[in-house]
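Written below as C-alpha cells is the structure these notes are about.
The values are calculated or read from the model by the stated rules, or taken from the named source; none is laboratory data. Just so you know, these numbers come straight off a predicted model, no measurement behind them. Cβ: placed from backbone, ideal geometry, glycine included. Neighbour counts: every protein chain shown.
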Amino acid sequence: MREVAFIRQNKEKWLQFEKAIAQKKVDNPDDLANLYMHLINDLAYAQTYYKKSKLVTYLNNLAVRVYQKIYQTKREEANVLVYFFKVEVPLLLYQYKRYILYSFAFFLVAVLVGIVSAANDDTFVRLILGDDYVNKTLQNIENGDPVAVYKSGSNWGSFIGITFNNLKVGLMSFAYGVTGGIGTAYVLLQNGIMLGAFQYFFEQQDVLWKSAKGIWIHGAMEIFAIVIEGAAGFLLGASILFPKTFSRMVSFKRGMRDSIKIVISTFPFTIAAGFLEGFVTRYSDSMPIFLALLIIFGTLGLISYYYLIYPYKVHKKIITSGLEK
C-alpha cells in the first residue's frame, strides 16, 4: 500500500488517539488499550514499509504518549516517584532527544570558543573569570594547590551554597526558554565559554591534570545537568515557536509540563554534585589517582547512562511489549 493511502486510511483513528491523550481523564482505560494495540500494529507496518518516513517518528511518539496515558491510573497504585524516574522521564527524554543533542552541540561549541579565545587573547581569561579569581588562583598554584578555592569554608556550608547556586543556574537556563530559547542559549554560551577559558587557564599554568583531578570529581554531573536543563529550555522555546498542529497556548502548556519534568529529574544529580564539591573535592589533592578517576568516570557514566542510553531501552521495551501482545 502506498504511504499516502495508508495515512488516509488510518488518519481518523490516529486523530482519535490524539483526542484521547488530550483528555484529562480516561473513562475507560481498556478502550484506550485497544486503540494502543491498533497503533502498535500501524507502527510495525510503517517500520516495515516506510522506514525513512516521518510517519514512523510520528507513530513512535504517539505510541509512547498513549502508553503514558494508559498507565496514568496505575501510577496511583505504584510508587509515583519510582515511576517518574524509571518510566515517565526516560520516555520524555527519548521523545525530545533532539533537544538534548542541540544543547550538547551548542555547549561544546561555546567551550571551544572559550578555549580558542583564551589561547589567542591574554586578557580573555581575566575578562571572563575576573581579576580577583585569577590572582587568587595564581597564588594557589604557586603554593602548590591549584584547587584550594574549593577547600575554603565548611563542608556543609559549601555543599548548601554550591547546590543552591547550581540549581539557580539550571532553573535560569530552563526558564529563559520562554524567550524562544534565546535566553537559554545565552546561559549555555556563558557557562561553556567560562568552562573553556577556565580549563585553558590551568593548561597555561601546567596544572591541568592536577586541577582536573579535583574539579571534575563534582564537575562531571554538575556540567552534564546544566546541559540537560538547557535542553529543557530549548524544548520550552520550541513549544512556543513551533506549535505544529496544536494551538500556540496548548503547545506551550505541553512544552512547559514536559520540560519541567526533565528539569526536576536533574535535581538529584545537581544535589549529588554539590555534595561531592562540598565533602570530597577538598580532599582530591591527597586522594589516590585511581579513586579520583573512579569517582569522575563513575558519576559521568551514571548520568550519561540515565540521559543518553536508558531512554532508548525504556522506549524499546514498551514498543516491543506492545508488539508481543
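Which residue pairs have Cβ atoms under 6 Å apart, sit 6 or more places apart or on different chains, and have a first residue in the stretch 269-292 that is within 22 Å of S304 (Cα to Cα) and a second that is among the aromatic types (F, W, Y) and buried (at least 16 other Cβ atoms within 10 Å of the Cβ)?
G274/F159; F275/F159; T281/Y150
Out of all the residues in the stretch 239-252, is one or more under 21 Å from K86 (Cα atoms) and outside any loop (DSSP other than H, G, I, E, B)?
The answer is no, given that none of the residues of the stretch 239-252 is under 21 Å from K86 (Cα atoms) and outside any loop (DSSP other than H, G, I, E, B).
Which of the residues belonging to the stretch 197-221 are surrounded by fewer than 24 Cβ atoms within 10 Å (Cβ to Cβ), touching a helix residue (DSSP H, G or I) at 6+ places or on another chain (Cβ under 6 Å) and not in a loop (DSSP other than H, G, I, E, B)?
Once the filter is applied, which keeps residues that are surrounded by fewer than 24 Cβ atoms within 10 Å (Cβ to Cβ), touching a helix residue (DSSP H, G or I) at 6+ places or on another chain (Cβ under 6 Å) and not in a loop (DSSP other than H, G, I, E, B), the stretch 197-221 yields Y200, F202, L208, S211, K213, W216, A220.
Among the residues of the stretch 118-135, is any modelled with pLDDT of 90 or more and within 30 Å of Y310 (Cβ to Cβ)?
No, the conditions are met nowhere in the stretch 118-135.
Using the structure shown, decide if I100 is over 28 Å from the mean Cα position of the chain (by Cα), surrounded by 15 or more Cβ atoms within 10 Å (Cβ to Cβ) and modelled with pLDDT of 80 or more.
no
Condition test on G157, is it farther than 24 Å from E203 by Cβ and surrounded by fewer than 18 Cβ atoms within 10 Å (Cβ to Cβ)?
yes
Which ones in the stretch 130-145 are touching a residue at least 40 places away in the same chain (Cβ under 8 Å) and over 17 Å from G214 (Cβ atoms)?
Within the stretch 130-145, just V134 meets the criteria.
Got a number for residues in the stretch 165-189 being in a helix (DSSP H, G or I), in contact (Cβ under 8 Å) with a residue 12 or more places away in the chain and over 17 Å from the mean Cα position of the chain (by Cα)? Please lay out each step first, then the result.
Pass one, the stretch 165-189, residues in a helix (DSSP H, G or I): 165-179, 182-189.
From what's left, in contact (Cβ under 8 Å) with a residue 12 or more places away in the chain: 166-167, 169-179, 182-185, 187-189.
Adding the requirement that they be over 17 Å from the mean Cα position of the chain (by Cα) leaves 178-179, 182.
Of the residues in the stretch 165-189, 3 are in a helix (DSSP H, G or I), in contact (Cβ under 8 Å) with a residue 12 or more places away in the chain and over 17 Å from the mean Cα position of the chain (by Cα).
Please work out if A185 is surrounded by 20 or more Cβ atoms within 10 Å (Cβ to Cβ) and of a type outside the set (F, W, Y). Give the steps one after another, and end with the answer.
Values: surrounded by 20 or more Cβ atoms within 10 Å (Cβ to Cβ): yes; of a type outside the set (F, W, Y): yes.
When the stated conditions are applied, A185 passes them.
Please verify whether Y312 is farther than 25 Å from G170 by Cβ and surrounded by fewer than 16 Cβ atoms within 10 Å (Cβ to Cβ), treating the condition exactly as stated. Break it down stepwise before answering.
Numbers: farther than 25 Å from G170 by Cβ: no; surrounded by fewer than 16 Cβ atoms within 10 Å (Cβ to Cβ): yes.
When the stated conditions are applied, Y312 does not pass them.
Quick check, is A185 in contact with a Leu (Cβ under 8 Å, 6 or more places away or on another chain) and modelled with pLDDT of 95 or more?
Working: in contact with a Leu (Cβ under 8 Å, 6 or more places away or on another chain): no; modelled with pLDDT of 95 or more: yes.
No; evaluated as a whole, the condition is false for this residue.
Quick check on my filter: what residues within the stretch 157-189 are of a type outside the set (A, V, I, L, M, F, W, C) and closer than 16 Å to G219 by Cβ?
S158, T163, N165, N166, G170
Condition check ((1) part of a helix (DSSP H, G or I); (2) on the phi > 0 side of the Ramachandran plot; (3) in contact with a Gly (Cβ under 9 Å, 6 or more places away or on another chain); (4) of a type in the set (D, E)) across all residues:
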{"site": "A105", "(1), (2), (3), (4)": "yes, no, no, no"}
{"site": "V111", "(1), (2), (3), (4)": "yes, no, yes, no"}
{"site": "V116", "(1), (2), (3), (4)": "yes, no, yes, no"}
{"site": "R126", "(1), (2), (3), (4)": "yes, no, no, no"}
{"site": "K136", "(1), (2), (3), (4)": "yes, no, no, no"}
{"site": "Q139", "(1), (2), (3), (4)": "yes, no, no, no"}
{"site": "P146", "(1), (2), (3), (4)": "no, no, yes, no"}
{"site": "V149", "(1), (2), (3), (4)": "yes, no, no, no"}
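Only one of these is at pLDDT below 95, within 25 Å of F124 (Cα to Cα), among the aromatic types (F, W, Y) and in the same structural domain as F124 (by TED's automatic domain parsing): F202, F246, F252. Name it.
From the options F202, F246, F252, the qualifying one is F202.
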